[in-house]
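Q: Sending over a structure as C-alpha cells; questions will come in a sec.
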Amino acid sequence: MTLIDSSLIQSNNDNLNRHVANDYEHLGEQLARRNIDIEKIRERVAAFGVAIPSWGVGTGGTRFARFPGVGEPRNVFDKLQDCGVIHQLSCATPTVSLHIPWDKCSDWSELRETANSYRLGFDAINSNTFSDQTGQAQSYKFGSLTHASPATRAQAVAHNIECIQIGECLGSKALTVWIGDGSNFPGQQHFRRAFDRYLESAHEIYAALPDDWRMFLEHKICEPAFYSTVIQDWGSSYLAASSLGPKAQCLVDLGHHAPNVNIELIVARLIAAGKLAGFHFNDSKYGDDDLDAGSVAPYRLFLVFNELVAAEHEGVAGFDPAYMLDQSHNVTDPIESLISSATQVQRSYAQALIVDRLALDAAQESNDALLASQTLKRGFETDVTPILQRVRLDAGGAIDPIATYRESQYRLRVGKERPAAIGGGGGIV
C-alpha cells in the first residue's frame, strides 16, 4: 500500500507556507544580529539524521502488561512500512536499525529493495542473546557471552557473527552488542571471570567484523540482572572496547545510567578517548523507562549535543557518532512518538549549532561561570522551529508532521489489513 498521500502533505503545507516563510525570515534576522547565518544552520540540520529502531514501531510494555495498539506491525516488512511513514513526514529518519532474530526474513534482498522504495537504508544490526528463541540448543537464562558453559558462549558468538552476515546483505556497517548477563544474588557470579569470558567472546566476534565495520558495546546499569551486570557502566564498556581494538566503541543509551549521572561528561570523556560509538536517544524519570527523547529532560539532551557540536567545531579526529532512537511507546501511537522524538533530537542539534563557541570559550578560559552558563542557555532558549519546518518543507516532508499523519488516518487504514494483536503478559516489542 502507499504511505501518506503526497497531495495531502502538499495541501497541508500550502496552508502553512506563508507562516513558515515569515517565521524563518524573522529568526534569520535575529540570528544575523548574533553573527549566525541561518542558511548554514539549515544546511547542517538538513544533513542530520537519526535511525529508527525496528522494534520501536510496535507498542511497548512493562514487566506487568502490554496493551497492543491498532494496526501493529506483524513482521519486518510492516515495520519498514511504518518507518517509511515516519521518514516521509519528518525527513529526519533515513535509516532503520534491525534486531535479530526479531526481524528475520526469508529474503534479505527483497527487504533491502523494500527499504529503498521507502527511501530508507539500514543502520547498526542489533543482536539478541538476552532471550531464548524457539529451537535454541542452549539457554541464556544464566548468561550468554559470559556464561560458564563454553557451548552457550559459542552459541552466542555464532549468533553475533550471523548478525554481521545479515548486516552485510543489507548494507549495514555496525553491530550493536548488548547483553543482559549478570547476577541477582551476591556470590552468584565471579565478577572477574565473567568479565574475562566476555572479553574472550567479544574478541571472537570482533575478529569476524569486516574491515569497514564497527562494533558498538552497550552498557546498562541493571535489568534483567538486578545485583550486578557484566557491562554495567561506561567504564566497563571502555575497558572492553579498549581491549578489543579501534573498531570497538562505546554506545551511550541515555536511560542506562545511575540517577543524577552527568551523561554529557561521559560523552566528553568518550570523545576524548576516541571511543564514542554513538547514541540510543530516549528519556527517563526513574530508571531505564525509555520515554520519548526530550520529554522529561530536554536541557540534558541539548547539553549532550553541545558536546557533540563542540567536537565537530574543534575537528576532533575520528569523530563519527551514530544516532538512533530507542524507546518504548506504551500509551501513545509509536509513529507519533517517533516523529516527535526525531524532531526533538533535530531541535537539540540545531540549538547546539547556534551556541556562540567563541564567547563560550572565552568565558570558560576567564572563569566567568555565569556568562558561560548564559551563553549555553541562549542557544537552548532560541526557538529553532522555523529551521526544522523549513528543512522538512524543502525535503518534501510535512511542515506539521503529526497533524498530517492524523489527518491521513494511516493507522486506521493499516488496522484493516493487520490483525489485532492480543494483549496480556509483560514484555516489550
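The values are calculated or read from the model by the stated rules, or taken from the named source; none is laboratory data. A quick note: this is a predicted structure, and the numbers were derived from the prediction, not measured. Every residue, glycine as well, gets a Cβ built from its backbone with ideal geometry; the counts of neighbours run over all protein chains shown. For the accessible areas, the whole protein counts, side chains as well, though only heavy atoms, and no ligand, DNA or RNA atoms are used. Shrake-Rupley method; radii C 1.70, N 1.55, O 1.52, S 1.80 Å.
Q: With the checklist (1) in a helix (DSSP H, G or I); (2) surrounded by 15 or more Cβ atoms within 10 Å (Cβ to Cβ) in hand, flag the one item R406 doesn't pass.
A: The single condition R406 does not satisfy is (2).
Q: Between a residue in segment 149-177 that is without any contact (Cβ under 8 Å) to a residue 60 or more places away in the chain and within 27 Å of D196 (Cα to Cα) and any residue that is open to solvent by less than 50 Å² (accessible area, probe 1.4 Å) and among the charged types (D, E, K, R), which pairs come within a Cβ distance under 8 Å, given they are 6 or more apart or on different chains?
A: V177/E218
Q: May I ask you to list the residues in segment 272-328 that are open to solvent by 50 Å² or more (accessible area, probe 1.4 Å), of a type in the set (S, T, Y) and out of contact with any helix residue (DSSP H, G or I) (no Cβ under 9 Å at 6 or more places or on another chain)?
A: Y286
Q: Only residues that are over 13 Å from L303 (Cα atoms) and crowded, with 16+ Cβ neighbours inside 10 Å: list them for segment 373-384, please.
A: If the condition is that a residue be over 13 Å from L303 (Cα atoms) and crowded, with 16+ Cβ neighbours inside 10 Å, then T382, V384 are the ones that fit.
Q: Filter segment 8-60 for residues that are farther than 30 Å from P224 by Cα, β-branched (V, I, T) and outside any helix (DSSP H, G or I) and give the result. Quick ask: steps written out before the conclusion?
A: Just the residues of segment 8-60 that are farther than 30 Å from P224 by Cα, to begin with: 8-49.
Adding the requirement that they be β-branched (V, I, T) leaves 9, 20, 36, 38, 41, 45.
Residue satisfying the conditions is I36 alone.
Listed here are the residues, each with its yes/no results for (1) within 28 Å of P321 (Cα to Cα); (2) acidic (D, E).
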residue	(1), (2)
S7	no, no
A21	no, no
L27	no, no
A32	no, no
I36	yes, no
E43	yes, yes
I52	yes, no
G58	yes, no
G61	no, no
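Q: Looking only at helices (runs of 4 or more DSSP H) that lie completely in segment 61-178, which have at least 1 residues being in contact with a strand residue (DSSP E or B) (Cβ under 7 Å, 6 or more places away or on another chain), open to solvent by 10 Å² or more (accessible area, probe 1.4 Å) and under 30 Å from A225 (Cβ atoms)? Reasoning before the result, please.
A: On the way: elements: 76-90, 108-117, 150-170.
In segment 61-178, the matching helices (runs of 4 or more DSSP H) lie at 150-170.
Q: Still on this model: Give the residue that is surrounded by the most Cβ atoms within 10 Å (Cβ to Cβ), with candidates limited to residues of segment 179-204 that are among the polar types (S, T, N, Q) and more than 22 Å from H256 (Cα to Cα).
A: Looking only at segment 179-204, we keep the residues that are among the polar types (S, T, N, Q), and these are 183-184, 188-189, 201.
Restricting the remaining residues to those that are more than 22 Å from H256 (Cα to Cα) gives 188, 201.
Values: Q188: 13, S201: 25.
Residue satisfying both the conditions and the ranking: S201.
Q: Further question: In segment 279-326, how many are farther than 14 Å from L251 by Cα, at pLDDT 95 or above and acidic (D, E)?
A: So the answer is 5.
Q: Name every residue in segment 10-37 that is more than 18 Å from D383 (Cβ to Cβ) and either polar (S, T, N, Q) or surrounded by 12 or more Cβ atoms within 10 Å (Cβ to Cβ) (or both), in order of residue number.
A: Correct list: Q10, S11, N12, N13, N15, N17, N35.
Q: If we scan segment 372-382, do we find a residue that is under 17 Å from E336 (Cα atoms) and either among the hydrophobic types (A, V, I, L, M, F, W, C) or at pLDDT below 95 (or both)?
A: Of the residues in segment 372-382, the ones under 17 Å from E336 (Cα atoms) are none.
No.
Q: Of the residues A362, A421, which is assigned to a helix (DSSP H, G or I) and either under 30 Å from K247 (Cα atoms) or of a type in the set (A, V, I, L, M) (or both)? Write out each step before concluding.
A: Details: A421 fails: assigned to a helix (DSSP H, G or I).
Of A362, A421, the one residue that is assigned to a helix (DSSP H, G or I) and either under 30 Å from K247 (Cα atoms) or of a type in the set (A, V, I, L, M) (or both) is A362.
Q: Looking at S144, S149, S183, which one is at pLDDT 95 or above and in contact with a helix residue (DSSP H, G or I) (Cβ under 7 Å, 6 or more places away or on another chain)?
A: S144
Q: In addition: Taking the residues in segment 237-277 that are within 16 Å of the chain's Cα centre (by Cα) and among the β-branched types (V, I, T) as candidates, determine which candidate is farthest from E204 (Cα to Cα).
A: I263
Q: List the pairs whose first member sits in segment 205-227 and is closer than 30 Å to V261 by Cα, whose second member is aromatic (F, W, Y) and surrounded by fewer than 14 Cβ atoms within 10 Å (Cβ to Cβ), and whose Cβ atoms are under 8 Å apart, counting only residues at least 6 apart or on separate chains?
A: Taking only residues 6 or more apart or on different chains, the pairs are Y227/F185.
Q: Is it the case that segment 345-362 has a residue that's touching a Phe, Trp or Tyr at 6+ places or on another chain (Cβ under 7 Å) and under 17 Å from H256 (Cα atoms)?
A: Of the residues in segment 345-362, the ones touching a Phe, Trp or Tyr at 6+ places or on another chain (Cβ under 7 Å) are 345-346, 348-349, 351-352.
Then keep just the ones that are under 17 Å from H256 (Cα atoms); that gives none.
No, segment 345-362 contains no residue that is touching a Phe, Trp or Tyr at 6+ places or on another chain (Cβ under 7 Å) and under 17 Å from H256 (Cα atoms).
Q: Here is a follow-up. Hey, can you tell me all the residues within segment 38-55 that are open to solvent by less than 70 Å² (accessible area, probe 1.4 Å) and either touching a His at 6+ places or on another chain (Cβ under 9 Å) or of a type in the set (D, E, K, R) (or both)? Break it down into steps so the answer makes sense when it comes.
A: Filtering segment 38-55 down to residues open to solvent by less than 70 Å² (accessible area, probe 1.4 Å) leaves 38-39, 41-42, 45-46, 48-55.
Selection gives E39, R42, G49, I52, P53, S54, W55.
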